[in-house]
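Only the coordinates and a few stated rules stand behind these numbers; no lab work does. None of these values were measured; they are calculated from a predicted model. Here the Cβ positions follow ideal geometry from the backbone for every residue, glycine too, while neighbour counts run over all protein chains shown.
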Amino acid sequence: MLSLSPEQMFGFDEATMVAFIDDDNKQLLLDAETLTAFSRMKQAAAADGIQLNICSGFRHFEHQCRIWNSKAVGRRKVLDADAKTVDINTLSPAQLLQTMLIWSAIPGMSRHHWGTDLDLFDASALQREQLRLVNNEYIAGGPCHKMFCWLETHAHRFGFYRPFQKGISGTSEELWHYSYYPRAQLFLTQYSTESLQQLIANQDVQLKTLILAQLNELVQRFVRTVALPPVQ
């Protein structure tokens, strides 16, 4: 089995990623094997009238840290389970952490660090700038519902599945998030809580003290507790 470095595990190894230009000229980075599989899936979807585009692919640790810290200090919206904005000034630090974890990953705990996971939308139904990445956009009546139904039927043929599913994953259900499981499982099986602890301790991460105090439980819930991939 290929041994992964902490740099690869936690989103510092951008050099191993492959650049990809999406239909709207957005440049993204992906794991090479994931990109090959996605390109095949994108072509198949296009034949059925669906324009699969990637909202987010590989995400560097520092990028995830900026997202996390911006939410923690109120520069970016924090949403509740119903995707409604929360007034973080009414929350204790512990409540803020739990609320942020509904939709946000702690830096070092995002599957986007691996380059194997994609946030997808149908570019024939709405533009990137219109996308909110909420489940209502993917359920019946939403602009990406046709794409969602197509992926639920066909994604597994190309090695993709949804790791965040209702009642199964620790993370809230994300109807837009697909993972290339032949590669993602490699990262998951080698994921090191000890390495993450050392990393967070030495980084500028908001709510660090609370995170480190319960890191084992957080990793178990938000990293390891995911839907099982389809039988290969």
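The table for this structure:
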item: Size of electric dipole in the stretch 1-74: Cβ of Lys, Arg +1 and of Asp, Glu -1, about Cα centre, debye, nearest 20; result: 220
item: Debye, to nearest 20: dipole size of the chain, +1 on Lys, Arg Cβ, -1 on Asp, Glu Cβ; result: 280
item: Cα pair count fraction exceeding 29 Å, expressed as % - the chain; result: 25
item: The chain - percent relative contact order, Cα under 8 Å, separation 6 or more; result: 22
item: Loop-located trypsin sites (Lys or Arg not before Pro) in the stretch 140-232 whose Cβ has at most 15 other Cβ within 10 Å (DSSP); result: Lys166
item: Residue with peak Gaussian network fluctuation, the chain [Cα springs, cutoff 10 Å], from Glu137, Glu14, Glu217; result: Glu217
item: Loop-located trypsin sites (Lys or Arg not before Pro) in the stretch 41-120, at most 10 other Cβ atoms within 10 Å (DSSP); result: Arg75, Lys84
item: Dipole-positive endmost among Ser110, Leu228, Val86 within the chain (Cβ charges, Cα centre); result: Val86
item: Per-residue [θ]222 nm for the chain (sum of -39500 (n - 2.57) over DSSP H runs n ≥ 4, rounded to 500); result: -9500 deg cm²/dmol
item: Eligible lysines near Lys71 by straight Cα distance, threshold 29 Å, same-chain separation 8 or greater; result: Lys26, Lys84, Lys166, Lys208
item: Whole-number percent relative contact order across the stretch 6-102, with pairs defined as alpha carbons under 8 Å at least 6 apart; result: 20
item: DSSP beta bridges in the chain [antiparallel fraction, %, rounded to 5]; result: 100
item: Residue with peak Gaussian network fluctuation, the chain [Cα springs, cutoff 10 Å], from Ser179, Ser110, Ser124; result: Ser124
